[in-house]
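Below: the structure, in structure tokens.
The values are calculated or read from the model by the stated rules, or taken from the named source; none is laboratory data. Just so you know, these numbers come straight off a predicted model, no measurement behind them. All Cβ positions, glycine included, derive from the backbone under ideal geometry; neighbour counts span all protein chains shown.
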Amino acid sequence: MNFNVVTLMQEPSGAQRFYEVDELLPVDDKPTAPRIRGTVRLRRTNRGIWVSAGLGSEVPCDCVRCLALYTQPVHMKIEEEYLSHYELRDEAESAGDLCAESLAIDEDHVLDMTEAIEQHIALNLPMKPVCRPDCRGICSTCGTNLNNSLCGCDKRPIDSRWAPLSDAALLVQKS
């Protein structure tokens, strides 16, 4: 998601631009690109551009219980300052270290929000995504998706002290 900020960089501090966005976010490691919708406000600061964005998306996820693919709604509130390429270079020289190049306005005065959006999506996804709150998962014995059908596995708990005898009984039944 790119914004050309050449005219905004020439204006005094406090100047702003508002944008309504509705576009696909290209992500290299994902087969499908999520659609990003929302509003973006760019405000000129004395050093660069302050970005305030309220964005939403639906990201494909795998359910941790049943392993089904589903879409997870994600809502993001982004507050970041993007510094000009020249400001970052001067700051890196004075500090003697590397600065955050991902939050830089490039030489062509293009502000690229892709990295910040990807980071906020990753931070706003649940640690254990579930397709629905009442997801029953899969059977640990046969692998049947319990949301679709019941399996015929024996669910009685087996006392581990009797396990050697049940193994012997299985051998007798097979012969």
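Quick notes on this one:
- Residue match in region 104-114 (condition: modelled with pLDDT of 90 or more, outside any loop (DSSP other than H, G, I, E, B), within 22 Å of the chain's Cα centre (by Cα) and not polar (S, T, N, Q)): yes
- Summed over region 60-72, the residues that are surrounded by fewer than 19 Cβ atoms within 10 Å (Cβ to Cβ) and part of a strand (DSSP E or B) give a count of 6.
- Subset tally (residues that are exposed (fewer than 13 other Cβ atoms within 10 Å of the Cβ), hydrophobic (A, V, I, L, M, F, W, C) and closer than 21 Å to Gln119 by Cβ) for region 1-32: 1
- From the options Arg37, Arg41, residue that is assigned by TED's automatic domain parsing to the domain that holds His120 and either surrounded by 16 or more Cβ atoms within 10 Å (Cβ to Cβ) or out of contact with any Gly (no Cβ under 7 Å at 6 or more places or on another chain) (or both): Arg41
- The residues of region 117-175 that are at pLDDT 75 or above and aliphatic (A, V, I, L, M), listed by number, are Ile117, Ile121, Ala122, Leu123, Leu125, Met127, Val130, Ile138, Leu146, Leu150.
- Under the condition of being surrounded by 15 or more Cβ atoms within 10 Å (Cβ to Cβ) and at pLDDT 90 or above, the residues counted in region 73-92 number 6.
- Restricting attention to region 46-58, the residues being part of a strand (DSSP E or B) and either acidic (Asp, Glu) or surrounded by fewer than 19 Cβ atoms within 10 Å (Cβ to Cβ) (or both) number 5.
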